[in-house]
Every structure is written in C-alpha cells, then in structure tokens.
Amino acid sequence: HEISIYRIEFDICVALERLVDAYRKTSKNHQFVLDFGCRECHIYADPVRIEQVLENLISNAVKYSCDGGEVRVACSCDERVCQFAIIDNGIGMTSEQVKHVFDKFYRADEGNTARQGVGLGMSIARHIVESHGGSISVESEPGKGTAVTFSVPTRTGSSDGN
C-alpha cells in the first residue's frame, strides 16, 4: 500500500531532541548521545513519517541492546541531503540477517529471547525513506551492534539536485 507523504519545511534537530529526550526518560539503562553535524537542519519532508522512521530505528537500537549501552543518534545536513545514523552496541546481526532486514515480516531474532514486534518496522522505514527520494542501509556484526544510516533530500526533488 502507498504511504501518503505530506511535506513541509521543519527543523529535524528539534524533533530528534524531543524523541531522544523521551527515550532518556523511559530507557534508564541506555546512554543516548545526540551528535549533530549542524545546529539547525531544515528539511522539506513529512515530519510525521520521518519521526516514524527515527522512532522505529531508535526503538530497535534500545530493544536489541537489552543490557543497556550507548545509542548514538547522529544527524548532519548540507544544502542537498540530510544524513542520519542510529548506532547501537547491541546483539548485532549476521550478514545473512542484514540481507533480509528490510523484508516484510522478517525477524532477525526469532528465538525465545525475541523482542516484541511483527517484523514490519524496517520494511516500512525503507518505504518511507524511499518515498522521500532517500536511501537507507544497515551495517551490523554479531555481538558488536548495528548501524542504520539513511538520508533524505533537504529540499523538494531527489538527492541528485532535481
């Protein structure tokens, strides 16, 4: 199904600070680090959908770093693209799991220790990011953690300047 995208200009830094502050209050075992490459980052995007992506990625970082640890949320923008990275030092994934992480209903951890969820979050995140003309990728290593990066254009059009 298509996801409706309603673009407006907004400062993503404000949204990130609010989102991370909420996690700091509810996930006391984790250390949240905000790493801004700029003080303000205005993007022309759907704030509800972009926050949905960020919420999902931060939630996953917390969920799969069950013993606590650091969750780094980085954002940097230039005149064309806003780049995000959510990095944890949690359980990580194998290269085979990473290959399927964007598949609908795929769950990397299906054992008795599996966290709650149905396996749609990453698929939806990719769809939202790509609907904005952006891209998303995952790097992970078992026992060392996961880094999810995505970018969206800062203005209307694609990230190649169109």
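The values are calculated or read from the model by the stated rules, or taken from the named source; none is laboratory data. Just so it is clear, the model here is predicted, and its values are computed rather than measured. Cβ coordinates were reconstructed from backbone atoms using ideal geometry, including for glycine residues, and neighbour counts include every protein chain displayed. Surface accessibility is based on the protein's heavy atoms, side chains included, excluding ligands, DNA and RNA. Shrake-Rupley method; radii C 1.70, N 1.55, O 1.52, S 1.80 Å.
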Once the Cα atoms of helix 121-131 and of the chain are each reduced to a long axis, what angle between those two axes, in degrees from 0 to 90 to the nearest 10, is obtained? 20
Taking amide hydrogens as modeled 1.01 Å from N in the peptide plane, which residues meet the under 5 Å criterion relative to Gly90, leaving out close sequence neighbours? Gly145, Thr146
Give me the angle, in degrees from 0 to 90, between the Cα long axis of helix 12-26 and the longest principal axis of the Cα atoms of the chain, rounded to the nearest 10. 20
Checking the table Lys99/Lys144; Lys28/Lys99; Lys25/Lys104; Lys25/Lys144 against a 21 Å threshold on Cα-Cα, which pairs fail? Lys28/Lys99; Lys25/Lys104; Lys25/Lys144
Percent accessible area from carbon and sulfur atoms, the chain, protein chains only, probe 1.4 Å: 48
Sort by residue number and name the cysteines in the chain that have no neighbouring cysteine Cβ under 4.7 Å. Cys13, Cys38, Cys66, Cys75
Note: the chain, point scatterers on Cα, Debye, no solvent; log10 I/I(0) at q = 0.18, 0.19 Å⁻¹ equals -1.13, -1.25
So if I place +1 on the C-beta of Lys and Arg and -1 on the C-beta of Asp and Glu, and nothing else carries charge, what would the dipole magnitude of the chain be about its Cα centre? I want it in debye, nearest 20. 320
What's the angle, to the nearest 10 degrees (0 to 90), between helix 47-63's Cα axis and the longest principal axis of the chain? 20
Computed [θ] at 222 nm, deg cm²/dmol, the chain (DSSP H ≥ 4; -39,500 (n - 2.57); rounded to nearest 500): -9500 deg cm²/dmol
Rounded to the nearest 0.05, what FRET efficiency do Glu9 and Glu139 have when you use their Cβ-Cβ distance and R0 = 35 Å? 0.70
